[in-house]
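Reviewing the structure listed below.
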Amino acid sequence: MHFTLISLFPEMFSSVFASSIIKRAHEDGKITINLINLRDFGEGKHKVVDDTPFGGGTGMVLKVEPVHKAIVSARRNIANEKVALLDPTGTVYTQKVAEELSNLDHLILVCGHYEGFDHRITNFVDFKISIGDYVLSGGEIPAMVVVESVARLVSGVLKKSDATKFESFSENEDGRILETPQYTRPREYQGLVVPEVLLSGNQKEIETYRKAQARILTTEKRPDIILPDSTRVKE
């Protein structure tokens, strides 16, 4: 899968994409990441990419022309290609959205800055993404979130093919619930012990226990995402 990121600050991505899973996926050829500096498409000697908003107001707005030119340069004109703005008015990002994006061949992410984009740029993109109900200085960190969450779903990126199957927000018979609590050595720490069933070696009992604990945890912490009994897939 190919990612192209359009940003005024492409240097922000260097250390993040040179580490851990993203680095390995890139080295293994599972993903490619192309960084485009929006400033390269700025106007005049000073490569201007922003201007004051019509109607007045504080801050600066990214101009439609340089953003559109950057998008055109990023496109590979292939069938399974999408362009997304990182923008607070976009669809709130979820694991389901990440799964859908992981099926693309090419995802172009456009990072906003200042007071955002000239609204006319929405005519040249496929959709908008918001990673939550809060404001950041730019779209670079949201773009990192999208690349990380999508890339790990691409086939072959994670060593174990079922590594994402039982993670939080992955779909199962209960909906997109939280992952069961996990434990490792030591078996006891300051009087806190690992549940005996996890030490039993009985995989059927362990699986039943983990499913029950995942439901309990989700009911306590995120009751909004657990499916009601009437809509669950029956075991």
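The values are calculated or read from the model by the stated rules, or taken from the named source; none is laboratory data. The shown structure was predicted, so the numbers you read here are calculated from the model rather than taken from an experiment. Every residue, glycine among them, receives a Cβ derived from its backbone with ideal geometry; neighbour counts consider all protein chains shown.
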Mind checking which residues of segment 38-53 are in contact (Cβ under 8 Å) with a residue 12 or more places away in the chain and of a type in the set (Lys, Arg)? 39
Could you list all residues from segment 119-153 that are crowded, with 16+ Cβ neighbours inside 10 Å and part of a loop (DSSP other than H, G, I, E, B)? 125, 131, 139, 152, 153
For segment 77-87, which positions are at pLDDT 95 or above and of a type outside the set (Lys, Arg)? 80, 81, 83, 84, 85, 86, 87
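Matching residues to (1) among the small types (Gly, Ala, Ser); (2) over 30 Å from residue 168 (Cα atoms):
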position	(1), (2)
46	no, yes
60	no, yes
63	no, yes
70	yes, yes
79	yes, yes
90	yes, no
114	no, yes
118	no, yes
Considering segment 10-35 alone, what residues qualify as being more than 19 Å from the chain's Cα centre (by Cα) and outside any helix (DSSP H, G or I)? 28, 29
Mind checking which residues of segment 184-235 are modelled with pLDDT under 95 and over 29 Å from the mean Cα position of the chain (by Cα)? 229, 230, 234, 235
List every residue pair whose Cβ atoms sit under 8 Å apart, with the two residues 6 or more apart in sequence or on different chains, where the first one lies in segment 5-22 and is of a type outside the set (A, V, I, L, M, F, W, C) and the second, anywhere, is not in a strand (DSSP E or B). 7/13; 7/38; 7/139; 7/140; 7/143
